[in-house]
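Notes follow once the structure below has been shown.
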Amino acid sequence: MYARTLSAAVQGIDAYVVKVEVHLDTALPAYTTVGLPDNAVKESRERVSAAIKNSGFLFPAKKITVNLAPANIKKEGSSFDLPIALGILAATGQLSTDNLNKTIILGELALDGTARPIRGALPIAASLKGRKIDGILVPSANAAEAAMVDGTIVRPIKSLRQAVSFLNNEEDIPPITVDIDALMTDSAIYHVDFSDVRGQENAKRALEIAAAGGHNILMIGPPGSGKTMLAKRLPTILPNLSLDEALETTKIYSVAGLLPVNKPLLAVRPYRSPHHTVSDVGLIGGGQVPRPGEVSLAHKGVLFLDELPEFHKNVLEVLRQPLEDGEVTITRSKMSLTYPANFILIAAMNPCPCGYYGHPTHECRCSATMVQKYLSHISGPLIDRIDLHIEVPAVEYKDLASDVKGESSESIRSRVLKSRRIQTDRFQQIPGMHSNADMTTREVRKYCKINGEGEKLLRQAMDSMGLSARGYDRILKVSRTIADLSGSFDIRPEHLAEAIQYRNLDRDNLI
């Protein structure tokens, strides 16, 4: 006796169809799963057996062989429970096979037959768009998420018994629909605002430039100066996510199993702030079956690394690839996966181990050697990849006690959006390029031309600050953004001078 059902599995943020084949043999009762299953898939036999019995169906006392094809790709997770159970019921004649080869089936089973949520429903639904299938059966908790893909018929399943009734044409389950526009509007809400920030006008200006051009930024200041407060508010001045960006970000969270309950679409820019004890796998991603790390979870948003020198040096060095390429590739012996990782990096640090080096009122207890050792945790190549370096001094009492609110995020965002529109028009013929930070050397030479006075100013900065070639390009990119914010077609000397001052904490000056 033989039956086949269709399911799907995630690989990276993409998915592929899995054929679940069930064969029953008149031998001693046994249950074997083949097709490179991981432990969670192997353990499905206990869940499937109990779910079938507790749902009122007959579990066969035969030798059961389950094959997950293609057999050369490792299968992981619990989403094959439901298709395996339905395959067994079809092989024993308890389920009609008429609709099994037209429907993608996903779901984990509880011991009582209830369908539990799975990971990756959205990327699976997206990968099936355009295929000749009648629809997808998914647990009710994943239905809205899968229905984000336009044109895909998604039916929510609450239990194994309900799935059998539907496939036997005994019960109709209407496809679920979602109002994507309403979700985008209702979810795009931030609970913090730049108006909460007192003082720190120079830092707010630098963050505006970072948001306008997609630049990375490093903030150096004593404890309590507001670095974390400023970082948390950067997403509020970034352009709202487009639907495509929201779907791409939601895919990553779906694969990682981090999509919030009752929130099928992430419509705000992600903000990730891992602790400095994070491992390189936690930051970049990995594991036996590679999962997305913090850099991918921050895709299209902000990655905030507080206490930068406290991170392990090897952890910081693995940031180089995503900062340059906007993606991260994780290679294992049997597979290689690429996850998107296009984010704005905000790093924060104290000027010394005690945090008060150069402070006007607090005495620093650190020796010059201690300061140098502290700062040496950050390599020159990493500093080169950060466009803006700013000092965030302690906030003065008059600013803290003032009743005058700072400029709102909405007001700052309006200028950022104006600058972004200029950049969109500039790069509309270049695929994948959306902001000044994305420019390669070729685009820098084309769009960041400066006059003779500007060349003289930049030459002096290169000689006095010991900037690398990458630092040279970063200054030109930032000056291009500053010019865009001012509405200027040309990069004037004042734009260049402001960009240069944001490199005054470069490696040669830090130590």
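The values are calculated or read from the model by the stated rules, or taken from the named source; none is laboratory data. Nothing here was measured: the structure is a model prediction, and the numbers come from that model. Virtual Cβ from ideal backbone geometry, glycine too; neighbours counted across all protein chains shown. Protein only, heavy atoms only, side chains kept; ligands, DNA and RNA dropped before computing areas. Shrake-Rupley method; radii C 1.70, N 1.55, O 1.52, S 1.80 Å.
Residue-level check: of (1) of a type in the set (Lys, Arg); (2) within 16 Å of GLU145 (Cβ to Cβ); (3) open to solvent by 50 Å² or more (accessible area, probe 1.4 Å), ARG272 misses just (2).
For VAL404, the conditions (1) hydrophobic (A, V, I, L, M, F, W, C); (2) part of a loop (DSSP other than H, G, I, E, B); (3) surrounded by 15 or more Cβ atoms within 10 Å (Cβ to Cβ); (4) out of contact with any strand residue (DSSP E or B) (no Cβ under 6 Å at 6 or more places or on another chain) are fulfilled apart from (3). Filtering segment 150-181 to residues that are over 22 Å from LYS129 (Cα atoms) and touching a helix residue (DSSP H, G or I) at 6+ places or on another chain (Cβ under 6 Å) leaves LYS158, LEU160, GLU171.
I want to confirm something. Restricting to segment 20-53 and keeping residues that are assigned to a strand (DSSP E or B) and buried (at least 17 other Cβ atoms within 10 Å of the Cβ), which single residue is nearest to the chain's Cα centre (by Cα)? Spell out the reasoning first.
The first filter runs over segment 20-53 and keeps only residues assigned to a strand (DSSP E or B), leaving 20-25, 30-34, 37.
Now restrict to residues that are buried (at least 17 other Cβ atoms within 10 Å of the Cβ): 20-24, 31, 33, 37.
Numbers: VAL20: 31, GLU21: 35, VAL22: 37, HIS23: 41, LEU24: 43, TYR31: 39, THR33: 33, PRO37: 27 Å.
Within segment 20-53, the match that is nearest to the chain's Cα centre (by Cα) is PRO37.
Residue pairs whose Cβ atoms lie under 7 Å apart, separated by 6 or more positions or on different chains, with the first residue in segment 67-84 and free of Cβ contacts under 8 Å to residues at least 40 places away in the same chain and the second outside any helix (DSSP H, G or I) and surrounded by 17 or more Cβ atoms within 10 Å (Cβ to Cβ), are ALA71/GLY35; ASP81/GLY107; ASP81/GLU108; ASP81/LEU109.
Residues that are open to solvent by 30 Å² or more (accessible area, probe 1.4 Å) and farther than 30 Å from PRO239 by Cα are absent from segment 315-330 altogether. Reported count of residues in segment 54-66, each being open to solvent by less than 40 Å² (accessible area, probe 1.4 Å) and assigned to a strand (DSSP E or B), is 2. Close contacts from segment 239-265, counting a first residue that is within 19 Å of TYR190 (Cα to Cα) and a second that is surrounded by fewer than 20 Cβ atoms within 10 Å (Cβ to Cβ), with Cβ to Cβ under 6 Å and a gap of 6+ residues or different chains, come to PRO239/LEU417; ASN240/ALA188; LEU265/LEU183.
Out of segment 212-256, which residues are of a type in the set (D, E, K, R) and either in a helix (DSSP H, G or I) or in contact with a Ser or Thr (Cβ under 6 Å, 6 or more places away or on another chain) (or both)?
Going through segment 212-256, the residues of a type in the set (D, E, K, R) turn out to be 227, 232-233, 244-245, 248, 251.
Selection gives LYS227, LYS232, ASP244, GLU245, GLU248, LYS251.
Go through segment 98-143 and report how many residues are outside any loop (DSSP other than H, G, I, E, B) and not β-branched (Val, Ile, Thr). Matching residues across segment 98-143 total 20.
Checking each residue in segment 280-319 for being over 18 Å from the mean Cα position of the chain (by Cα), assigned to a loop (DSSP other than H, G, I, E, B) and not hydrophobic (A, V, I, L, M, F, W, C) picks out GLN288, ASP306, GLU307, HIS312.
Given the criterion without any contact (Cβ under 8 Å) to a residue 40 or more places away in the chain, crowded, with 17+ Cβ neighbours inside 10 Å and over 30 Å from ILE390 (Cα atoms), identify the matching residue among ALA147, ALA125, ALA115.
Details: ALA147 fails: without any contact (Cβ under 8 Å) to a residue 40 or more places away in the chain; ALA115 fails: without any contact (Cβ under 8 Å) to a residue 40 or more places away in the chain.
Checking each option against the conditions leaves just ALA125.
Could you go through segment 67-89 and let me know if any residue there is of a type in the set (A, V, I, L, M), surrounded by fewer than 20 Cβ atoms within 10 Å (Cβ to Cβ), more than 39 Å from the chain's Cα centre (by Cα) and assigned to a loop (DSSP other than H, G, I, E, B). No, segment 67-89 contains no residue that is of a type in the set (A, V, I, L, M), surrounded by fewer than 20 Cβ atoms within 10 Å (Cβ to Cβ), more than 39 Å from the chain's Cα centre (by Cα) and assigned to a loop (DSSP other than H, G, I, E, B). Looking at this structure, is ARG492 closer than 19 Å to ARG385 by Cβ, surrounded by 13 or more Cβ atoms within 10 Å (Cβ to Cβ) and in contact with a helix residue (DSSP H, G or I) (Cβ under 8 Å, 6 or more places away or on another chain)? So ARG492 fails the test. Out of the residues in segment 193-212 meeting the condition of being modelled with pLDDT under 90 and open to solvent by 40 Å² or more (accessible area, probe 1.4 Å), tell me which one is farthest from ILE157 (Cα to Cα). Top of the filtered list is GLU201.
Counting only residues that are open to solvent by 40 Å² or more (accessible area, probe 1.4 Å) and over 32 Å from the mean Cα position of the chain (by Cα), segment 150-167 holds 1 of them.
Restricted to segment 457-488, and to residues that are within 27 Å of VAL416 (Cβ to Cβ) and small (Gly, Ala, Ser), which residue is most open to solvent (accessible area, probe 1.4 Å)?
SER486
Sort through ASP172, ASP186 and tell me the only one that's over 29 Å from GLU245 (Cβ atoms) and open to solvent by 10 Å² or more (accessible area, probe 1.4 Å). Don't jump to the end; show me each part of the working.
Values: ASP186 fails: over 29 Å from GLU245 (Cβ atoms).
From the options ASP172, ASP186, the qualifying one is ASP172.
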